[in-house]
Amino acid sequence: MCTAITFATKDHYFGRNLDLDFSYNETVTITPRNFKFPMRKVDDLSSHYAMIGMATVVEDYPLYYDAINEAGLGMAGLNFPDNAHYFADIDGKNNIASFEMIPYILGQAKTVDDAKKLLENVSVSAEVFSADFPTATLHWIIADKEKSIVVESTKEGLNVYDNPVGVMTNNPPFPIQMYDLNDYYAISAHPLEHKFGNGVSLHEYSRGMAGLGLPGDLSSKSRFVRAVFTKYNSMCDDDELSSINQFFKILGSVEQVKGLCEVTPGKYEYTIYSSCMNQDKGIFYYTTYGNSDIHAIDMHKVDLDGGKLSIYKLNKKLSVSYDN
């Protein structure tokens, strides 16, 4: 399971936690404008917007988990088990495989509105990438510098929802997640106001009691509530270092620690990496479970008019800096 968020100070940021019980050897990957994206059912993308993101590269094809393009549009795919439904090819539709969705949208759209227009004629295809990489059950968050949407392919078809909070997790479907925020109407970051009953003597014995009831478990529903609450009450300076540090702090409020969520006997889900992408500057920041230092890769420091991928292995090794 995973959590994705948007965040804005002076610049605009987009990113996510990737929570799984295993790694597919993810790399930060820059795809330049003239890299040829072969598409299964529509015309190949021979020329497109450049993009940077986290991907598993298989036979020179970047299978993106999350990315932004040079125009500042961001997109991430998150697990959506039991609800995601993909279709056999539909005549008259652009049949796009789930693994093609990120390059298809980011390759052609500059804004959320552009993405919406592309999605009007999209059907998510059940086509698999290969026998070794079966179809993942996903839904997607797409965000520019002003707004975001959620895209969910279910048995009813392709649904596109406006996302006013700029947060997405996994199940249940997005409209239910938004409605369930009403259950936490009274939670606040401010000191408590005594309303229990006249004549009842009560006192606030701990700071933070106005947040009693904020869910702390690891379920996707609870992470959604906690991420929205943390994001909306988060405060930081608007410089770059303060902004990215705060972004990772928000993601840290919903990160998965090894050992707390057993998936199969002896295997546990954990936050493999966290990403933060500056949508204005095209910089990809990340941390890994084993290395909490913030690492950065700038897409504009490579030739974006080229035709070859630029691939950067993740720094996962823990190191300690001694101050004496």
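Looking at segment 213-235 only, could you name the residues that are more than 19 Å from the chain's Cα centre (by Cα) and either open to solvent by 20 Å² or more (accessible area, probe 1.4 Å) or more than 19 Å from LEU78 (Cβ to Cβ) (or both)?
The initial filter retains those residues of segment 213-235 that are more than 19 Å from the chain's Cα centre (by Cα), namely 213-217, 233, 235.
Within segment 213-235, GLY213, LEU214, GLY216, ASP217, ASN233, MET235 qualify.
Could you figure out which of (1) surrounded by 17 or more Cβ atoms within 10 Å (Cβ to Cβ); (2) on the phi > 0 side of the Ramachandran plot isn't true of GLY74?
(2)
Going through ASP180, ASP144, ASP132, ASP114 one at a time, which residue ends up being buried (at least 22 other Cβ atoms within 10 Å of the Cβ) and either more than 19 Å from the chain's Cα centre (by Cα) or not basic (Lys, Arg) (or both)? Write out each step before concluding.
Details: ASP180 fails: buried (at least 22 other Cβ atoms within 10 Å of the Cβ); ASP132 fails: buried (at least 22 other Cβ atoms within 10 Å of the Cβ); ASP114 fails: buried (at least 22 other Cβ atoms within 10 Å of the Cβ).
One residue alone meets the criteria, ASP144.
For segment 172-193, name all the residues that are within 24 Å of MET209 (Cα to Cα), of a type outside the set (Gly, Ala, Ser) and in a loop (DSSP other than H, G, I, E, B).
If the condition is that a residue be within 24 Å of MET209 (Cα to Cα), of a type outside the set (Gly, Ala, Ser) and in a loop (DSSP other than H, G, I, E, B), then TYR185, ILE187, HIS190, PRO191, LEU192, GLU193 are the ones that fit.
Scanning segment 148-171 for residues that are part of a loop (DSSP other than H, G, I, E, B) and open to solvent by less than 20 Å² (accessible area, probe 1.4 Å), which turns out nearest to TYR232 (Cα to Cα)? Outline the logic, then answer.
Quick first cut of segment 148-171, residues part of a loop (DSSP other than H, G, I, E, B) only: 155-156, 163-166, 169-171.
From the residues that got through so far, the ones that are open to solvent by less than 20 Å² (accessible area, probe 1.4 Å) too are 163, 165-166, 169-170.
Details: ASN163: 14, VAL165: 8, GLY166: 10, THR169: 16, ASN170: 20 Å.
So, considering only residues that are part of a loop (DSSP other than H, G, I, E, B) and open to solvent by less than 20 Å² (accessible area, probe 1.4 Å), the one nearest to TYR232 (Cα to Cα) is VAL165.
I need the strands (runs of 3 or more DSSP E) fully contained in segment 236-324, keeping only those with at least 2 residues that are surrounded by fewer than 19 Cβ atoms within 10 Å (Cβ to Cβ).
Details: elements: 262-264, 270-278, 283-288, 291-298, 310-313.
The qualifying strands (runs of 3 or more DSSP E) are 262-264, 291-298, 310-313.
Given the criterion more than 21 Å from ASP144 (Cβ to Cβ) and charged (D, E, K, R), identify the matching residue among ARG16, ARG40, ARG33.
Numbers: ARG16 fails: more than 21 Å from ASP144 (Cβ to Cβ); ARG33 fails: more than 21 Å from ASP144 (Cβ to Cβ).
That would be ARG40, the only listed residue that is more than 21 Å from ASP144 (Cβ to Cβ) and charged (D, E, K, R).
Which one is nearest to GLN177 (Cα to Cα), of the residues in segment 200-212 that are open to solvent by less than 50 Å² (accessible area, probe 1.4 Å) and aliphatic (A, V, I, L, M)?
Let us first name the residues in segment 200-212 that are open to solvent by less than 50 Å² (accessible area, probe 1.4 Å), namely 209-211.
In the following step, the residues that additionally are aliphatic (A, V, I, L, M) were identified as 209-210.
On the way: MET209: 24, ALA210: 22 Å.
Among those residues, the one meeting the criterion is ALA210.
VAL42 - would you say it is crowded, with 23+ Cβ neighbours inside 10 Å and out of contact with any Cys (no Cβ under 9 Å at 6 or more places or on another chain)?
Working: crowded, with 23+ Cβ neighbours inside 10 Å: no; out of contact with any Cys (no Cβ under 9 Å at 6 or more places or on another chain): yes.
So VAL42 fails the test.
Taking SER243 as the residue in question, decide whether it is farther than 23 Å from ILE52 by Cβ and either touching a residue at least 24 places away in the same chain (Cβ under 8 Å) or out of contact with any Asp or Glu (no Cβ under 7 Å at 6 or more places or on another chain) (or both). Explain how you work it out, then say what you get.
Working: farther than 23 Å from ILE52 by Cβ: no; either touching a residue at least 24 places away in the same chain (Cβ under 8 Å) or out of contact with any Asp or Glu (no Cβ under 7 Å at 6 or more places or on another chain) (or both): yes.
No, not satisfied.
Output the strands (runs of 3 or more DSSP E) that fall wholly within segment 37-141 and possess 1 or more residues being of a type in the set (D, E, K, R), in contact with a Gly (Cβ under 9 Å, 6 or more places away or on another chain) and within 22 Å of LYS281 (Cα to Cα), or say none.
It comes to 61-69.
The values are calculated or read from the model by the stated rules, or taken from the named source; none is laboratory data. Since the structure is predicted, the reported quantities are computational estimates derived from the model, not experimental observations. Every residue, glycine among them, receives a Cβ derived from its backbone with ideal geometry; neighbour counts consider all protein chains shown. Heavy atoms of the whole protein, side chains included, go into the accessibility calculation; ligands, DNA and RNA do not. Shrake-Rupley method; radii C 1.70, N 1.55, O 1.52, S 1.80 Å.
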